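The values are calculated or read from the model by the stated rules, or taken from the named source; none is laboratory data. Only a predicted model underlies this, so the values are computations on that prediction, with no experimental measurement involved. Positions of Cβ are generated from backbone atoms using ideal geometry, with glycine treated the same way; all protein chains shown enter the neighbour counts.
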Amino acid sequence: QANVEDTTLGVLEYAISDLEVDVVELKWGQGAKDIGGEVKIKDLAKAQLLKKRGYIVLPDPEKPEVIEAFKKRQFTEFERHSRVGMVNQEDFVNRVKDLRSLGAKYIFLKTGAYRPADLARAVKFSSIAKIDLLTVDGAGGGTGMSPWRMMNEWGIPCVNIWSLTYQYVDRFAKKGDYVPSIAFAGGVTLEDHIFKALALGSPYVKAIGLARAPITAAMVGKNVGLRISKENLPIYYGRYGNDVEGVFVEASVLKRRFGKDFDDVPTGAIGLYTYNQRLAQGLKQLMCGARKFSLQYITRNDIVALTTEAARVSGIKYVMDVDKEEVEKILS
């Protein structure tokens, strides 16, 4: 992934040439963590290094009075801010061409929850440049940064921006223009969210992005593992046992898979695996109920809008209007 500073520093060029990376992702706006200051730095030398590399660091780690205040622990951390990008069609298309010429096999674009005109640019530029995947991240998303005012209080909410994305992409598709694969993201946590997002964006949405929820699962798994090792399990965990296999429902599966190496698997990883298995099982059950036995068969007709406002925003039929024609045939 690359934001403005990464581009200036040649991060993607290094990754493709020296590390033989095949897939790169350009990031715009909120997706590039521009101005939120979410990244905290507790080391003065690192703060100074990041400033030298082009980041905006607050307060200024090179000012003598700031250095003195930090050493006296009058404050304990700096904020790293990124510069905002100013995107235009020509530069974006040329950047994609350059990355392909360097050897990138797949190029993605990640865009944040901002104005409809910028979303339209993202869809259009992605079509012209023929990138492989466009990820649209609705407000309320974020990775390990949230809760954060910047992430929670600005931008367009998920259903709204996803609906706009569908409208714009559908327009291009109907004209016969190239449409990249689309991924929806933004605060998705459970299987019903995944099903609804896939349905809302069908047939263009091929994946759902999750970040905060899997990170939470990994952190909880790690913390539970620490409590097990210290023999200090809370009662609501202890009822299942006092070891990893007792507490983590998928541990036995992983033990069969890894054998003697199971003891080296971090409990954070077990927590993440367990969470993913829960998502997979839950999504299968929802799909089974909808009689859709493969993701490709999920359509917009598999969900309904429970309010007229939701129907107006999304284009999904209001629940009282669903199946009207079929109902008439049945009852007549």
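I'd like to know if the range 224-235 contains one or more residues that are touching a Phe, Trp or Tyr at 6+ places or on another chain (Cβ under 6 Å) and either farther than 30 Å from Y318 by Cβ or of a type in the set (A, V, I, L, M, F, W, C) (or both).
Scanning the range 224-235, I find no residue that is touching a Phe, Trp or Tyr at 6+ places or on another chain (Cβ under 6 Å) and either farther than 30 Å from Y318 by Cβ or of a type in the set (A, V, I, L, M, F, W, C) (or both), so the answer is no.
Taking Y166 and the conditions (1) surrounded by fewer than 18 Cβ atoms within 10 Å (Cβ to Cβ); (2) out of contact with any strand residue (DSSP E or B) (no Cβ under 7 Å at 6 or more places or on another chain), which numbered condition does it fall short on, given that it satisfies the others?
Going through the list (1) surrounded by fewer than 18 Cβ atoms within 10 Å (Cβ to Cβ); (2) out of contact with any strand residue (DSSP E or B) (no Cβ under 7 Å at 6 or more places or on another chain), Y166 breaks only (1).
Mind checking whether some residue in the range 248-259 is over 25 Å from E191 (Cα atoms) and acidic (D, E)?
No: the range 248-259 contains no residue that is over 25 Å from E191 (Cα atoms) and acidic (D, E).
Quickly run through the range 88-118 and pick out the residues that are more than 20 Å from the chain's Cα centre (by Cα) and closer than 16 Å to P180 by Cβ.
Q89, F92, V93, R95, V96, K97, L99, R100, A104, K105
State the number of residues belonging to the range 55-73 that are surrounded by 14 or more Cβ atoms within 10 Å (Cβ to Cβ) and part of a loop (DSSP other than H, G, I, E, B).
The qualifying residues number 4.
Inside the range 161-192, can you point out the residues that are part of a loop (DSSP other than H, G, I, E, B), at pLDDT 95 or above and in contact with a Gly (Cβ under 8 Å, 6 or more places away or on another chain)?
L190
Which of (1) within 21 Å of I131 (Cβ to Cβ); (2) at pLDDT 95 or above does G29 not meet, given it meets every other one?
(2)
I'd like to verify a number: residues in the range 313-332 that are out of contact with any strand residue (DSSP E or B) (no Cβ under 8 Å at 6 or more places or on another chain) and either without any contact (Cβ under 8 Å) to a residue 60 or more places away in the chain or more than 19 Å from Y166 (Cβ to Cβ) (or both), how many?
Counting residues in the range 313-332 that are out of contact with any strand residue (DSSP E or B) (no Cβ under 8 Å at 6 or more places or on another chain) and either without any contact (Cβ under 8 Å) to a residue 60 or more places away in the chain or more than 19 Å from Y166 (Cβ to Cβ) (or both) gives 13.
Could you list, in sequence order, all residues of the range 70-107 that are among the charged types (D, E, K, R), closer than 19 Å to V24 by Cα and in contact (Cβ under 8 Å) with a residue 60 or more places away in the chain?
R95, K105
When you go through (1) at pLDDT 95 or above; (2) surrounded by 16 or more Cβ atoms within 10 Å (Cβ to Cβ); (3) in a helix (DSSP H, G or I) one by one for L50, which number turns out not to apply?
Failed condition: (1).
Name the pairs: first residue in the range 10-30 and under 15 Å from R100 (Cα atoms) and exposed (fewer than 15 other Cβ atoms within 10 Å of the Cβ), second residue at pLDDT 95 or above and of a type in the set (S, T, Y), Cβ to Cβ under 6 Å, at least 6 apart or on different chains?
V23/Y106
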